[in-house]
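Q: Take this structure, written in structure tokens, and hold onto it; I'll ask about it next.
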Amino acid sequence: MDALTLLHERNSMGKLMAPAPDAEQMEALYQAALRAPDHAELTPWRFIEFTGAGLERLGELFAKAERTKSPAGDEAAQASAAKKPLRAPMVVAVIAKVTPEHPKVPRVEQVVSAGCAAHAMLYAAQAQGLGGMWRTGGYAFDATVHAGLGMEEHDELVGFLYLGTPGGRLKPLASRVSADFVERWQ
Ligand SMILES: Cc1cc2nc3c(=O)[nH]c(=O)nc-3n(C[C@H](O)[C@H](O)[C@H](O)COP(=O)(O)O)c2cc1C
């Protein structure tokens, strides 16, 4: 697939099955991520890859976040939280490692750079016939989850990339008209 076709036809796949991407495929995703635009070469990126028992540990962390939020305990909510990461054979947490008060690179640029890294990973997945879906949900912004993932005070969790073998059909893509979004000053 040529580069422009890939850019024009990226499509999220929420239904994901085993097998998970292999190490070589994941290396291609990480190399794509590591080419994200990066002002002042701060490399503000951290990736945590979850598979197998790691997915269960992540689910436990989500359940702990639920318990912390409502100590009286909604057991159904905890059980549902614990199952969330099991929707794919692999999840990658993409974290912006933010250098606070950098003289040239404000926080937003560092977070956007990590977002670009996540986006590049989705393209690299699709280019290899893999399926991917970027999710956040409340857990990406939850202090219990942040602590459990060893995030530092200024870090931001830009998303969880759910990755695997496509388990369904890709949806038809909405056609969008660039003129609706583009203004030209000439
Ligand atoms: C930062 C971010 C967070 C997202 N979080 C969720 C989410 O938690 N749940 C969800 O169903 N979709 C989420 N999405 C949207 C999907 O990843 C996807 O973009 C959407 O379903 C549209 O499909 P498309 O990417 O093929 O256009 C998120 C997207 C972004 C950029």
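Q: How big is the equivalent ellipsoid of the chain along its three axes, where each semi-axis is √(5λ) from the Cα gyration tensor, reported in whole Å from largest to smallest?
A: Working: eigenvalues 155, 106, 55 Å².
Output for the chain: semi-axes of 28, 23, 17 Å.
Q: Place the peptides 58-64, 7-13, 177-183 in order of packing, highest mean first, counting for every residue the other Cβ atoms within 10 Å and averaging per peptide. Mind showing how you got there, number by number?
A: Numbers: 58-64: 20.3, 7-13: 14.0, 177-183: 6.6.
The most tightly packed comes first, giving 58-64, 7-13, 177-183.
Q: Which order do the peptides 39-47, 17-25 take when ranked by the mean count of other beta-carbon atoms within 10 Å per residue, highest first?
A: On the way: 39-47: 16.4, 17-25: 13.9.
Ranked by mean Cβ neighbours within 10 Å, highest first: 39-47, 17-25.
Q: Straight-line reach from Lys171: which aspartates and glutamates have Cα under 19 Å away, leaving out those fewer than 8 places along the same chain?
A: Qualifying aspartates and glutamates at Cα under 19 Å: Glu9.
Q: If you don't mind, another one. So, R0 is 35 Å and r is the distance between the beta-carbons of Ala23 and Leu170; what FRET efficiency does that work out to, to 0.05?
A: Values: r = 25 Å, r/R0 = 0.72.
Using R0 = 35 Å, I get an efficiency of 0.85.
Q: Using DSSP to define loop residues, name the trypsin sites (Lys or Arg not before Pro) in the stretch 87-161 whose beta-carbon has at most 10 other beta-carbon atoms within 10 Å. Display every interim value, and only then the final one.
A: Values: sites: Arg87, Lys97, Lys104, Arg107, Arg135; in loops: Lys97, Lys104.
Sparse-neighbourhood loop trypsin sites (Lys or Arg not before Pro): Lys104.
Q: When the accessible area of the chain is computed with all protein chains present and a 1.4 Å probe, what percentage of it is carbon and sulfur? Let's see the in-between values first.
A: Values: 5970 of 10970 Å².
After summing per-atom areas, the C and S share lands at 54 percent.
Q: While we're on this one: Keeping all protein chains in place, calculate the accessible area per residue for the stretch 59-186 (probe 1.4 angstrom), answer in Å².
A: Solvent-accessible surface per residue comes out at 57 Å².
Q: 222 nm [θ] for the chain, helices only, -39500 (n - 2.57) per DSSP H run of 4+, per residue, to 500? All intermediate terms of the calculation are to be shown ahead of the outcome.
A: Details: 6 runs with 71 residues, N = 186.
Computed ellipticity for the chain at 222 nm equals -12000 deg cm²/dmol.
Q: Taking the Cα centre as origin and putting +1 on Lys and Arg beta-carbons and -1 on Asp and Glu beta-carbons, what dipole magnitude results for the stretch 32-95, to the nearest 20 debye? It would help to have the intermediate numbers written out before the result.
A: Details: 9 positive and 8 negative charges, 18 e Å.
With only Lys, Arg, Asp and Glu charged at Cβ, the dipole is about 80 debye.
Q: What number, in percent, do you get for the relative contact order of the stretch 18-100 if the mean sequence gap of Cα pairs under 8 Å and at least 6 apart is divided by its residue count? List each step's numbers first, then the result.
A: On the way: 80 pairs, mean separation 34.6, N = 83.
Computed over the stretch 18-100, the figure is 42 percent.
Q: Still on this structure, I have one more. Mind checking which lysines have their Cα closer than 24 Å to the Cα of Lys69? Skip sequence neighbours fewer than 8 apart in that chain.
A: Straight-distance partners of Lys69: Lys83, Lys84.
The values are calculated or read from the model by the stated rules, or taken from the named source; none is laboratory data. What you see is a predicted model, and the numbers here were worked out from it, not measured in a lab. Backbone-built Cβ (ideal geometry, glycine too); neighbour counts: all protein chains shown. Remember, those area values only see protein heavy atoms, side chains included, never the ligands or the DNA or RNA. Shrake-Rupley method; radii C 1.70, N 1.55, O 1.52, S 1.80 Å.
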